[in-house]
Structures are given as C-alpha cells and as structure tokens.
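To keep things clear, I will list the structure first and then write my remarks on it.
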Amino acid sequence: MTNLVSTWSKTTQILPENYIFPVDQRPGSVKIPLVQNIPLIDLSSSQSQTVEEILHACQEFGFFQVINHGVSKDLIDDTMEVVKEFFNMPEEEKEIYYSIDPIKSCKLYTSGYNYANEDIHFWRDNLRHPCHPLDEWVHLWPEKPTNYRDVVGKYSLEVRKLSLRVLELIREGLGLEPEYFAEELTGGQLLSINHYPPCPDPSLTLGLPKHADPNLITVLLQGSVSGLQIISNGKLRSAEHRAVTNLREARTSIVSFISPCLDTIIEPAKSMIDTGVPRFQPFKFKDFLKFYEEKKGDTESMMKVYKIKP
Ligand SMILES: O=C(O)CCC(=O)C(=O)O
Ligand SMILES: [Fe+2]
C-alpha cells in the first residue's frame, strides 16, 4: 500500500488535519502580487530582440512564457496524455515505482522528500527521474503506459534543447563567454511530474508551498520558464512560486530541471563581478542541494549563508 494522495483522496470528502496549512500560508491569505504582464517571449523574433526581452524578464521576474519554441504541439499533447495515463493507472500498477528512498533516482512518492518528518503534507504526488543522458536512465523509467519511455524520452530531449537555447540567449544578454553553460553547468536534467488531484478544500492546503527552484533553469509545461540563480552574481532573479489545488479537476504539470553536475563548483562568473567583489560564496552544487533540503528551500536563510556581506 502506498500513501499516494491520488489513491486515498478518491474516497474522502474531508481534508485531513495534516494537510491544513497555517492561516498565513493558505492560498487566500497570502497576498500574491498580481504580475499583470508576465513576459511572453516569441522565440521566432530576431535574436537581438529575444536576448533583450529574456534578459529583462530574468531581471524583473525570473519567469516568462515562451511561444514559437520549437517543441511540437503533438509531442506536448502526447506527453501530457501519457503522464496523465500514468497517474490514472490502478494502485497496483503505480505501486511498483513507489519509493521513499532519498537516493533512488526514478521514483513515485507523495508530498515532499521527507514525508515521515513533515508536519504538514502537500496535496500532490510526484513522479521524477533523471533524463540526461537519455540512454543512461531511460531503462529505469516506468514501463507502463507502454509508450511512456518513447514519448517522454522524445519530450525530454526537446525540452533540453529548448532550455539550452534559452540559456544561450541569457548568456549572450549577460555578455558571458561562449560555451559558458556548456558541459558541467548543464550536465544534469531531471523530469518531475506533479499530479495534484481534486482537493476537498483548496482554500486550506497547497499542492506545493512557496519555493524557488534550486537548479539552473526550469521549463514548466505549458511554457513557463524560471530559475537562474547566483551564477549571475545576483543580476538575475529566481522566481518564488507555489502550486495551489482545486476542487474539481486534477492538475498535472511536467517540470524539466536543468542542473549542474553534482560536483560542479558554482560561483559568480568572473565577468559578472563588475565591482571587483563577488556577492556570493562559491559552493559545490551537491552541498547546495543538501542545504536546500535542510532549510526546506527557504531562500532567505540560504542567502544568509551564501551571500558575502558588503
Ligand atoms: O506544478 C507547478 O505548476 C509548479 C511545480 C513546481 O514548482 C516544481 O515542481 O518545482
Ligand atoms: Fe518549482
């Protein structure tokens, strides 16, 4: 038996106590600034225009939507369909992939990484697996639905291409040297599929609490991108975001995280240190991830440690 919310929530009309967030964190209680103009970037525009628009979006929001991005609608639709099919499979089929082992690379679990120690759980199930290089990982992915590996494999390649293309535009905008994001800084890719089932009381709980992603760049289907941190010596933002649930419909999101290799040293690019003084300490990416988990992704307390005091 698993504790997947998509399974047990089918037979309850009541939100359990341990899914109720403190009042100040509930969906209606936090005043989310309404960003009227989330930038919409047309990747088929001229290179100089997209560079300028993307850089501005990263400085202002750390978040933007892209259109004409080159990932075909058919592939996007097929991918969304197959991951929904996965979550709709009977419990016995999904159980095979269920794991709470923190070091297991392909796994299905519920809420956060550390369910047993959580005071409050999040209203989501998550399937995640590494996907780069594809042939190193694909054999660990779900075998069912039978086209999962094929479709999701194609999607992960396309979404990686898109991420690298966007990073290249950011690189140019920042004036970083060619190949800056090649190799180590983009050596990892994780696909994370969130499934938020219909929730009996969305006003009291969250699918994912406020966080900023701890990786280099995130592509969220359908087309929202965020996440460049520190590497820009504080010049770009990483958008804090969260996911809410809803009463009637299940929501599924497909998130691709491009990350540095675990042993990579992350530090401000030399050419970004215009004052002569770096604003952030260097760190190993894997130590950062460990710390992120310990601090539950709390940006402020993480910044206290990594930011160099003026
Ligand atoms: O489901 C979403 O829209 C957000 C997911 C997310 O923020 C994450 O997986 O890091
Ligand atoms: Fe996120």
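Quick notes
- Flag if GLY62 is at pLDDT below 95, surrounded by fewer than 17 Cβ atoms within 10 Å (Cβ to Cβ) and among the small types (Gly, Ala, Ser): no
- The range 242-256 - residue that is outside any strand (DSSP E or B) and buried (at least 18 other Cβ atoms within 10 Å of the Cβ) and, of those, nearest to ligand 2 (Cβ to nearest atom): VAL244
- Only one of LYS286, LYS295, LYS270 that is without any contact (Cβ under 8 Å) to a residue 60 or more places away in the chain, under 20 Å from the mean Cα position of the chain (by Cα) and more than 16 Å from ligand 2 (Cβ to nearest atom): LYS286
Here's the yes/no breakdown for (1) farther than 25 Å from ASP263 by Cα; (2) hydrophobic (A, V, I, L, M, F, W, C); (3) assigned to a helix (DSSP H, G or I); (4) free of Cβ contacts under 8 Å to residues at least 40 places away in the same chain:
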{"site": "GLU179", "(1), (2), (3), (4)": "no, no, no, yes"}
{"site": "GLU184", "(1), (2), (3), (4)": "no, no, yes, no"}
{"site": "LEU191", "(1), (2), (3), (4)": "no, yes, no, no"}
{"site": "HIS195", "(1), (2), (3), (4)": "yes, no, no, no"}
{"site": "CYS199", "(1), (2), (3), (4)": "yes, yes, no, no"}
{"site": "THR205", "(1), (2), (3), (4)": "yes, no, no, no"}
{"site": "LYS210", "(1), (2), (3), (4)": "yes, no, no, no"}
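- Residue in the range 70-86 that is in the same structural domain as ARG242 (by TED's automatic domain parsing), of a type in the set (Phe, Trp, Tyr) and not in a helix (DSSP H, G or I) present: no
- Of all the listed residues (GLY153, GLY175), the sole one being within 23 Å of PRO142 (Cα to Cα), in the same structural domain as MET89 (by TED's automatic domain parsing), away from ligand 1 (no atom under 16 Å from the Cβ) and not basic (Lys, Arg) is GLY153.
- Among (1) surrounded by 12 or more Cβ atoms within 10 Å (Cβ to Cβ); (2) farther than 24 Å from ALA212 by Cα - the single one GLU92 does not satisfy: (1)
- Restricting the range 257-273 to residues that are in a strand (DSSP E or B) and not aliphatic (A, V, I, L, M), the residue that is nearest to PHE64 (Cα to Cα): PHE257
- Qualifying residue in the range 97-110 (condition: part of a helix (DSSP H, G or I), of a type in the set (Ser, Thr, Tyr) and assigned by TED's automatic domain parsing to the domain that holds HIS195): no
- Among residues of the range 120-170, those that are of a type outside the set (A, V, I, L, M, F, W, C), part of a helix (DSSP H, G or I) and open to solvent by 70 Å² or more (accessible area, probe 1.4 Å), counted: 9
The values are calculated or read from the model by the stated rules, or taken from the named source; none is laboratory data. Model, not experiment: these values are computed from the prediction. Positions of Cβ are generated from backbone atoms using ideal geometry, with glycine treated the same way; all protein chains shown enter the neighbour counts. Remember, those area values only see protein heavy atoms, side chains included, never the ligands or the DNA or RNA. Shrake-Rupley method; radii C 1.70, N 1.55, O 1.52, S 1.80 Å.
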